[in-house]
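Visitor: One structure coming up, written as C-alpha cells, with questions to follow.
Read-outs throughout are calculated quantities, based only on the coordinates presented, and are distinct from any laboratory measurement. Remember, predicted model here, so these are calculated numbers, not experimental data. Every residue, glycine as well, gets a Cβ built from its backbone with ideal geometry; the counts of neighbours run over all protein chains shown.
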Amino acid sequence: MFCNYILSRLSESYVSTSSDLTISQTIKYGSVLYPVHFILRYEFVDLSQEGTQISRNTCDRLLTNNNGRFYSPKITFLFGRGGQRDLLCEYSFEYKEYQRLKITFNRALFGQKDCFTEYNPEINRWQCHVKSEYDGIAKISISEYPWKDIEMKRDCICSNITEQPFVIKTKSALKFVIKFVVTNMKSTEDYNSYLFDANYEVLPADYNCPNLWNSRRLRGSSGEISILNSNKQHFAETDVILSYNHTMKYCLDQPWLIEPEEDCNFIYLKIRGNERRDSRLCPSKNRILIYPAGKTEEVRVICPYYEDLDDVVELFSEGWSMYSYKKLQSRNGRSFVVEFVKRESGNFIVTWMEISKNPALALPTSMLSIKPPECPH
C-alpha cells in the first residue's frame with residue numbers, strides 16, 4: 001500500500017508502436033451543466049542502447065568495438081515504476097584475440113540500497129559488502145572468461161559514483177561480462193534511481209608478455225608450477241618451470257587452470273606456504289590465490305613464505321571430503337584456478353596430483369549395498 005502514489009489501471013495506459021501518437025476526443029454530449037474534460041499525462045520512453053541485443057532481454061547487449069560508451073537502460077518498463085521489481089542487464093565484450101579492457105565508470109547510482117564498495121588488497125579486487133538484503137541489492141559486477149567455459153568474477157561496485165571517475169582494468173581474456181543487477185525495486189523508482197554511464201577501451205597488448213593459454217590449462221596425473229623470481233625490473237619476465245622441464249616466459253598476473261583428465265577424478269594441491277588469519281603476519285607481500293573454477297568468491301589466500309619443507313597447505317577439490325551431488329556433477333567444480341599476486345621478489349611453488357576415490361564412497365547412502373572397506377592409512 002502506497003499512501004501518496006496511485007498506479008494507473010492497465011486500461012488507462014497506452015504505449016505507441018512507433019515514435020508518433022495521436023490522441024483525439026469526440027464530444028457527443030456536453031453542456032455547461034455536464035462538461036467533458038480529461039487530464040493527459042505522458043512521457044517519452046528512451047529505447048536507445050549501445051551494442052546488439054543478444055537475448056529476449058532487451059538490455060542484454062553485445063559490444064565488439066575496441067572502444068566506446070555503454071550505459072544502463074532508460075526504459076521505464078524495466079524498473080519499479082514500470083511494474084518490475086527486479087532488473088538484470090548483461091553487457092558482453094567479445095574479441096577474437098586475448099585482450100585487456102579498461103572500464104571507466106563516469107557515473108553510477110544505486111538507489112537507497114544498504115551496500116558499500118571496498119578494495120581488498122589481499123586478493124586485488126573491489127568487493128561489494130551488503131549490510132542487509134531485506135530491501136534488495138543493486139550492484140555492478142565484472143567477470144572475465146580467460147577460457148570459454150570458466151567464469152572468473154573480478155570486481156563488484158555498489159557505491160554511488162558521482163564525483164571522480166571509477167576505473168577498472170581487467171586481465172587478459174577473450175570475453176568480459178558486466179552485470180547490472182537491481183532487486184526489490186519500489187514502484188516509485190526508475191532509471192533515475194538506478195543507473196550507470198561508462199566508457200571502455202581495449203588496452204595495447206604487451207608483446208613481451210605472451211599469453212600461452214594452452215599451457216595455462218593444465219591436465220595430467222601430476223605436475224608442478226615453480227615460479228622463481230629474481231630482482232628483475234619487469235615482473236612479466238619471470239622464469240616459470242613446469243613439471244616437464246621446460247622453461248618459458250609468462251605473464252605472472254594471468255591465472256592458471258588445473259583440472260582432472262577424467263570426469264570422475266579430483267585434484268589434490270600442495271602449496272608451499274601457509275594460511276594466516278592476520279595477513280600482516282605474512283613476511284611476504286606476495287600472495288597465492290586458490291579457488292574452485294567458476295567460484296571466485298570461495299578464494300583461499302596463501303602466504304607463499306615458508307621456512308622448511310613442513311610449511312605446506314593441502315587442498316582437495318570439491319566433493320572429495322564431503323559428498324555433494326550437485327558439486328560432483330559439475331566438472332568445473334573439481335578444478336582449481338591458481339593466481340599469483342606478485343608485489344616483490346619471491347618464489348611460488350604449487351604441486352598437483354589427480355586422485356580418485358573408491359566408487360562406493362561417491363554414492364548416496366541409500367545406494368550403498370556393501371560397507372566400504374576401512375582404509376588402514
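Visitor: Kindly state, to the nearest 0.05, the FRET efficiency for Cys264 paired with Ser221, given R0 = 25 Å and r defined as their beta-carbon distance.
Guide: Step by step, r from the Cβ atoms, then E = 0.95.
Visitor: At a Förster radius of 30 Å, what calculated FRET efficiency corresponds to the Cβ-Cβ distance of Phe38 and Thr58, to the nearest 0.05?
Guide: 0.45
Visitor: Separate question: Which pairs break 19 Å Cα to Cα here: Lys96/Lys295; Lys148/Lys171; Lys74/Lys131; Lys171/Lys270; Lys113/Lys186?
Guide: From the list (Lys96/Lys295; Lys148/Lys171; Lys74/Lys131; Lys171/Lys270; Lys113/Lys186), the Cα-Cα distance tops 19 Å for Lys96/Lys295; Lys74/Lys131; Lys171/Lys270.
Visitor: Also, quick follow-up: At 7 Å along Cα-to-Cβ for each site, give me the label-to-label distance between Asn120 and Ser48 in nm.
Guide: Label-label distance for Asn120 and Ser48, simple model: 3.9 nm.
Visitor: While we're looking at this one, here's another question. Stretched out fully, how many nm does the piece from Gln127 to Ile23 gain, at 0.36 nm a residue minus the Cα gap? The partial results should precede the final answer.
Guide: On the way: separation 104, 0.36 × 104 = 37.44 nm, distance 5.02 nm.
Gain on stretching Gln127 to Ile23: 32.4 nm.
Visitor: What is the range 25-203 by shape, rounded, prolate or oblate, if you read a ≥ b ≥ c off the alpha carbon gyration tensor as root eigenvalues and call it rounded for a/c under 1.5, prolate for a/b larger than b/c, and oblate otherwise?
Guide: Details: a/c = 2.94, a/b = 1.97, b/c = 1.49.
Cα axes put the range 25-203 in the prolate bin.
Visitor: Listed highest first by mean packing, meaning other Cβ atoms within 10 Å per residue, what order do 276-282, 315-321 come in? Mind dumping the intermediate values first?
Guide: Working: 276-282: 10.0, 315-321: 18.4.
Ranking the peptides 276-282, 315-321 by packing returns 315-321, 276-282.
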